[in-house]
Structure formats: structure tokens, C-alpha cells
Amino acid sequence: MTSKLSAVLPDLSPWRSSRGFRLLWVQGLVTYFASSMAMIALPLQIKDLTGSPLAVGAMGAVELVPLVVFGLYGGVLADAVDRRRLILGTEVGLGLLATILLVNAALPEPMLWPLYGVAAGVSACAGLQRPALDSLLARIVPHDQLTAAAALNAIRWQLGAIAGPAVAGVVVAYTGHAAAYGLTVVGFAVSALLCLRLDPAPPAHDADKPSLRGIVEGARYAWSRPVLLGTYAIDLAAMLFAFPNTIFPFLADDLDAEWSLGLMYAAGSAGSVLLSLTSGWTSRVRRHGLFVVFGAAGWGLAVAAAGWFTHVWLVLLCLAVAGAGDMLSGLGRSTIWNQTIPEGLRGRLAGIEVLSYSVGPQLGQVRAGAMAGWTGTRPAIWGGGVACVLSVGVLAAVLPKLVTYDAATDEDAVARRAAREAA
């Protein structure tokens, strides 16, 4: 019985073998909880100050451009400077931005414009930090434990995504915006102290200085690798066609189940957590491209089913299955990136990843809202899911190397493993 459980439960090898991974895991969990406080309090404060849904929605537009621009530049920086220093610096920056929110909330009449300024600043810091965090994983975790590390990181993220907003909502409701921002400041301070304990992660001795040419080199490398290109393209297509979150309120109304709205938003995360908690088997799989393809196709099928069914509990079940599919695809993408990308390009390719996971959902929300206005809510959901499945099938046919990817035989993966063992 114990052996069967161990084959299903998450593989804890990265946690046991790498001190750096343990520090990053705890640091990330603290950061998620700290960010959740501000993530809930900030739009609520804008709502309280303006009473305008448009003013709240404008925060997303303010955040998008800094995330894209600084995400690309952060990828170049991650290849050119000490990644630990970059992560630490951005954590300090996030703490200072949270302090601005705290001071503003404590004023007799809080001002509106600092909220947008801080939202843009937080997005810029996140864009700078994410490539350094993502590219550090392959340096601190053994090559054959990268899938397990991705699964453990997913558990961390989902814990933050589910529990963080729930705790933040209670804090904001009962203690106010200032208290939530104060806890955010404390969280980032703790996170920065954990970053100080990380080992230095200097760049290669021959690393180039940050430049636009470096971004172009990273993009050229990604374009020349069909396996990498497939991971980006499939993720972008899945989010573009089958990301219906923005129209969940209308779906709840259509099903005459307004009470289910919160569950709709939580269902995907619940499915992701379930897959992560039973991910032990993924460490023994070498065909990670199939994870990407089947996971994204499963996401699309489940979203299509959620739009088709009329019973609210079946809809919620489908959304949970969709979350599990998205997590499976994410495990495959993360493993392929960490197994195949050369050390000197990891930061720049992680910067391109920022575009994949940020632009796709944003465009997907626009697609869902526009199509819902034209065809109705449920056709917009099931139609997007069908389009996702079809696009994944086309991309898999056009980029067959992604489907046939094998960690034991892929040229790039073998080269990265040999380089790691030599180091």
C-alpha cells in the first residue's frame, strides 16, 4: 500500500536534495500570500474611491505593458547579472511599493493616482523578477528532478492562489486596506530575508551586457527550436481560445446559480491542486511534449463541456478537469524549458515565456467577452473550447518534434544533461 501511494504522491526529491529549492519554495509561498493581500485590497480600494467598474478594469491595462516590456528586459538581465541579486532587488522594490500603498491608505483622504502608479510598478518588478526565478530552477535542481520540482512549485502556487485571496478577503473586510498593505510589507520583508540566504547565482564569465540584440538572439533561438516553439504556441492558443474567466458572472446568471460564481473561479485551481498532489508518476515520464499536447487538448475539451452542460455541478466538475489539464500542460512546458535551454539563454527564454502566459489570458478575455456579446455566453465558452482543441491538433501536426520529444534522446536535452554533469 505504501509503495502504491508513493508512486502517486508528489516526488519530494528536489526538496530533500536542494537547499536552494527549499528556500525558493518557502520564499515563493510567502510572496504569494503577501501579494494576495495587495491583489485583493488594491482593486477594492479603487472601487471604494471611484465606484466605477471601468476604473477598476483600467488597472489591468496599466499592468499589461510594463509586464511585457520589463519581462523581456528581465530575461536579458537574468543572463547578464547575478540572479540572486536580481530577485532580491525586485523583492525590495515590491516591498517599497507596498509601503507607498500603506502610507496612501493611512491618509485622511487617500489618493487614486498612486494606486495606478503602484500597479504599474508591481507589474514591472514582476516582469523583471520572473525570468530570474524561472531560470534559476535548472541551476539548483538536478536534471532528472526537474519535473518533480515543477510539480512542487505548482503546489506552492496553487496554495497561494487559493488560500491567499481567501485570507486577504477576510483581512480587508474586517481590518481595512491599510492593514492588508501592512501585512504585504511584512511579507515582502520576510521574503527578502529568505532571498539573502540563497547562494549567489552569477552569470557566465562571457555573458553579454543587456541589450536589444540579446532579446533578438533569444527570440531567434526559440524560433529555431520546434520543440520550444510548440510549447509557446500551444499555450498561447489554449489561453486565447479557452480562457472564459471574464464571462463567468454571465455563465452563473445563465445557469440561474449566482451562488456558484466563486466556485467557478476556484474550480480550476482545485483541479490543478489535485493533479499536483498526485503527480508522483510524472517524474517517471520522458515524453513531456505529450504532456503539453494532451494537457492543452484536455483543457479545451473540458472548457467546451463546461459551456455545453446546463447543470451547474457538471459545469464545476468540467472546470476542475480543465484546471488539471492546464497543470499537466504546464508541467510539460516547464520540464522541456529547463531540460533543453542552454544556461546562457535561460533568462531570455524565460522572458519570452512571460509573453506566453501574460498576453494569452489577456487576449483570451477579450475574445470571450466579444464572442459572448455576439453569440451568447455559453456558445462563447464551448466554441472557444472547440477552437482550442482544433488549434492544438493543428500545431501538433505542424510541429511533430514536440509530440515526439523524449528527454532521453532529444539532442538539446542530452547536451544540457551532459553539461550539468560536467559542472
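In this structure, is Ala372 more than 30 Å from Val141 (Cα to Cα), open to solvent by less than 30 Å² (accessible area, probe 1.4 Å) and in contact (Cβ under 8 Å) with a residue 12 or more places away in the chain? It is true that Ala372 is more than 30 Å from Val141 (Cα to Cα), open to solvent by less than 30 Å² (accessible area, probe 1.4 Å) and in contact (Cβ under 8 Å) with a residue 12 or more places away in the chain.
Candidates Val227, Val190, Val216: the one that is under 30 Å from Met37 (Cβ atoms), of a type in the set (A, V, I, L, M, F, W, C) and either assigned to a helix (DSSP H, G or I) or open to solvent by 50 Å² or more (accessible area, probe 1.4 Å) (or both) is Val190. Among residues of segment 32-49 that are closer than 16 Å to Gly182 by Cα, those with a beta-carbon under 6 Å from a residue that is of a type in the set (Ser, Thr, Tyr) and part of a helix (DSSP H, G or I) at least six positions away or on a different chain give the pairs Ala34/Thr184; Met37/Thr184; Ala38/Thr184.
Screening the candidates Gly289, Gly280 for the property of being touching a residue at least 60 places away in the same chain (Cβ under 8 Å), open to solvent by less than 30 Å² (accessible area, probe 1.4 Å), in contact with a Pro (Cβ under 7 Å, 6 or more places away or on another chain) and within 26 Å of Leu133 (Cα to Cα) yields one hit, Gly280.
I'm checking my understanding of the structure. Among residues of segment 109-147 that are outside any helix (DSSP H, G or I) and free of Cβ contacts under 8 Å to residues at least 12 places away in the same chain, which one is least open to solvent (accessible area, probe 1.4 Å)?
Ranking the candidates gives Met111 first.
Being among the polar types (S, T, N, Q) and either within 30 Å of Gly20 (Cβ to Cβ) or at pLDDT below 80 (or both) is true for just one of Ser224, Ser211. Which residue is that?
Ser211
Quickly run through segment 16-29 and pick out the residues that are modelled with pLDDT of 90 or more and open to solvent by 30 Å² or more (accessible area, probe 1.4 Å). Correct list: Arg19, Arg22, Trp25, Val26. Counting only residues that are in a helix (DSSP H, G or I), within 16 Å of Arg378 (Cα to Cα) and at pLDDT 85 or above, segment 233-250 holds 1 of them.
Results for (1) under 15 Å from the mean Cα position of the chain (by Cα); (2) more than 23 Å from Ala148 (Cα to Cα); (3) not in a helix (DSSP H, G or I), shown as yes or no for each residue.
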site	(1), (2), (3)
Val315	no, yes, no
Gly332	yes, no, no
Trp337	yes, no, no
Leu345	no, no, no
Arg348	no, yes, no
Gly351	yes, no, no
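Looking at the structure I just gave you, is Val103 open to solvent by 30 Å² or more (accessible area, probe 1.4 Å), under 23 Å from Arg213 (Cα atoms) and assigned to a helix (DSSP H, G or I)? So Val103 fails the test. Just name the residue that is modelled with the highest pLDDT out of those in segment 357-413 that are of a type in the set (Gly, Ala, Ser) and farther than 30 Å from Leu314 by Cα. My answer is Ala397.
In summary, Val392 fulfils each of the numbered conditions (1) of a type in the set (Val, Ile, Thr); (2) surrounded by fewer than 20 Cβ atoms within 10 Å (Cβ to Cβ); (3) within 28 Å of Gly71 (Cβ to Cβ) with the single exception of condition (2).
Report yes if some residue within segment 43-55 is within 23 Å of the chain's Cα centre (by Cα) and either on the phi > 0 side of the Ramachandran plot or buried (at least 20 other Cβ atoms within 10 Å of the Cβ) (or both); otherwise report no. No, segment 43-55 contains no residue that is within 23 Å of the chain's Cα centre (by Cα) and either on the phi > 0 side of the Ramachandran plot or buried (at least 20 other Cβ atoms within 10 Å of the Cβ) (or both). Which residues, taken from segment 311-341, are without any contact (Cβ under 8 Å) to a residue 60 or more places away in the chain, among the small types (Gly, Ala, Ser) and buried (at least 24 other Cβ atoms within 10 Å of the Cβ)? Once the filter is applied, which keeps residues that are without any contact (Cβ under 8 Å) to a residue 60 or more places away in the chain, among the small types (Gly, Ala, Ser) and buried (at least 24 other Cβ atoms within 10 Å of the Cβ), segment 311-341 yields only Gly325. As a summary of the residue check, Asp82 satisfies the conditions (1) under 23 Å from Ser191 (Cα atoms); (2) in contact with a helix residue (DSSP H, G or I) (Cβ under 7 Å, 6 or more places away or on another chain) except for the one numbered (2).
The values are calculated or read from the model by the stated rules, or taken from the named source; none is laboratory data. Because the structure is a prediction, the values reported are computed rather than measured. When we count neighbours, we look across all protein chains shown, and the Cβ atoms used for this are built from the backbone with ideal geometry, even at glycine. All accessible areas refer to the heavy atoms of the entire protein, side chains included, with ligands and DNA or RNA removed. Shrake-Rupley method; radii C 1.70, N 1.55, O 1.52, S 1.80 Å.
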